[in-house]
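I have placed the structure first, in the form of structure tokens, so that the comments after it can refer back to it.
The values are calculated or read from the model by the stated rules, or taken from the named source; none is laboratory data. Not measured: the values here are computed from a predicted model. Please note: Cβ atoms are built from the backbone with ideal geometry, for glycine as well, and neighbour counts cover all protein chains shown.
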Amino acid sequence: MQNFSFIGKYLAYRFFSQTKHDVHPPFLFDLITRVFEDKSKISDYIKVENLKKELLGNNKTINVEDYGAGSSVNKGNQRTIGQIAKNSSKPVKYGRLLYRLVKYFNTHTILELGTSLGLSSAYMTLANPDGKVITIEGCPNISSVATENFKKLNIKNIELITGKFDNELTKVINKTDKIDFIFIDGNHRKEPTIKYFEQILQKTNNDSVLIFDDIHWSKGMEAAWKYVKNHTSVTLTVDIFFMGLVFLKKELSKENFIIRF
Ligand SMILES: C[S@@+](CC[C@H](N)C(=O)[O-])C[C@H]1O[C@@H](n2cnc3c(N)ncnc32)[C@H](O)[C@@H]1O
């Protein structure tokens, strides 16, 4: 259960966040109207969400090694696949948003830090079958389940790398020409998040989109989010509380928005 200060922050977000009628940049108005508010029923959503239902009911136990926030490697930690699906994957609303963002920006090369069972990866790969998703997961047993899930969904345009972000991200950066869309959803701590951001910036371009998950999850993540917003490469940012969207477009003014979603 979330603590009171987090709930307080969320209530403040609901109260103070803006709608499309409060914002001026046409880029942001279009993004809200055509992406945030798009309620179309899309068959790809159903494919991922049927798989999620199946995973939620899966009682098979696996050993989980946690390389993420606040924990050193925690060997021998047993969890059911159902528990992982419940606790690690993004709620459907945000998975669908990732799908629409990938489609709207017509992004080709997508990088994800934190595959887990592959549900967010699935939304992003299905959104652009001609694109490619590179996704990194530290825990080998979780990564094996993700591989099975990609087979079940007949997803081929994905490269799943099993290893720690600290080791694998540098290799990905070195072998990739450009990264159009980045979803950072693992190791939610200040220093690693800033480090990954700085590394990824080496391969971004004017149109790249970066999404940070859980920007208000801890003081460390709030500090990382502040760092990102203030960075000279960043122009417009959109805080939707559970995620932060970052744009680098030089033609936009440097502004930070908090938008109700
Ligand atoms: C929140 S889950 C990802 C959920 C997934 N993006 C989704 O929405 O379906 C974060 C994942 O990142 C992995 N992870 C965390 N820190 C890591 C690190 N330093 N290196 C590699 N993997 C890491 C964890 O094992 C976990 O499976």
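Would you be able to say whether some residue in the stretch 141-164 is closer than 23 Å to residue 248 by Cα and touching a residue at least 12 places away in the same chain (Cβ under 8 Å)? No, the stretch 141-164 contains no residue that is closer than 23 Å to residue 248 by Cα and touching a residue at least 12 places away in the same chain (Cβ under 8 Å). Pairing residues of the stretch 29-54 that are assigned to a helix (DSSP H, G or I) with residues that are surrounded by fewer than 17 Cβ atoms within 10 Å (Cβ to Cβ) and of a type in the set (Val, Ile, Thr), at Cβ distances under 7 Å and at least 6 apart in sequence or on separate chains, gives 49/92. Looking across 145, 133, 92, one residue alone is more than 17 Å from the chain's Cα centre (by Cα) and either aliphatic (A, V, I, L, M) or under 30 Å from residue 206 (Cα atoms) (or both). It is 145.
Scanning the stretch 117-135 for residues that are touching a strand residue (DSSP E or B) at 6+ places or on another chain (Cβ under 8 Å) and either of a type in the set (Lys, Arg) or surrounded by 24 or more Cβ atoms within 10 Å (Cβ to Cβ) (or both) yields a count of 8.
Every residue, every condition in (1) in contact with a Gly (Cβ under 8 Å, 6 or more places away or on another chain); (2) under 20 Å from residue 158 (Cβ atoms), yes or no:
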| position | (1), (2) |
| --- | --- |
| 175 | no, yes |
| 198 | no, no |
| 201 | no, no |
| 204 | no, no |
| 215 | yes, no |
| 221 | no, no |
| 228 | yes, no |
| 234 | no, no |
| 259 | no, no |
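The C-beta contact set for the stretch 224-252 (first residue under 20 Å from residue 20 (Cα atoms), second residue buried (at least 22 other Cβ atoms within 10 Å of the Cβ) and of a type in the set (Ser, Thr, Tyr), distance under 6 angstrom, 6+ apart or interchain) comprises 246/237. The one condition from (1) within 9 Å of the ligand (Cβ to nearest atom); (2) in contact with a Leu (Cβ under 8 Å, 6 or more places away or on another chain); (3) more than 20 Å from residue 215 (Cβ to Cβ) that residue 138 does not meet is (2). Out of the residues in the stretch 105-122 that are within 13 Å of the ligand (Cβ to nearest atom) and hydrophobic (A, V, I, L, M, F, W, C), state the one that is farthest from the chain's Cα centre (by Cα). Here the answer is 117.
Quick grid of which residues meet (1) out of contact with any Phe, Trp or Tyr (no Cβ under 9 Å at 6 or more places or on another chain); (2) assigned to a helix (DSSP H, G or I); (3) near the ligand (Cβ under 8 Å from one of its atoms):
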{"site": "83", "(1), (2), (3)": "yes, yes, no"}
{"site": "90", "(1), (2), (3)": "no, no, yes"}
{"site": "93", "(1), (2), (3)": "no, yes, no"}
{"site": "96", "(1), (2), (3)": "no, yes, no"}
{"site": "103", "(1), (2), (3)": "yes, yes, no"}
{"site": "124", "(1), (2), (3)": "no, yes, no"}
{"site": "142", "(1), (2), (3)": "yes, yes, yes"}
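When the stretch 108-123 is filtered for residues that are over 19 Å from residue 149 (Cα atoms) and either at pLDDT below 95 or not β-branched (Val, Ile, Thr) (or both), only 108 remains.
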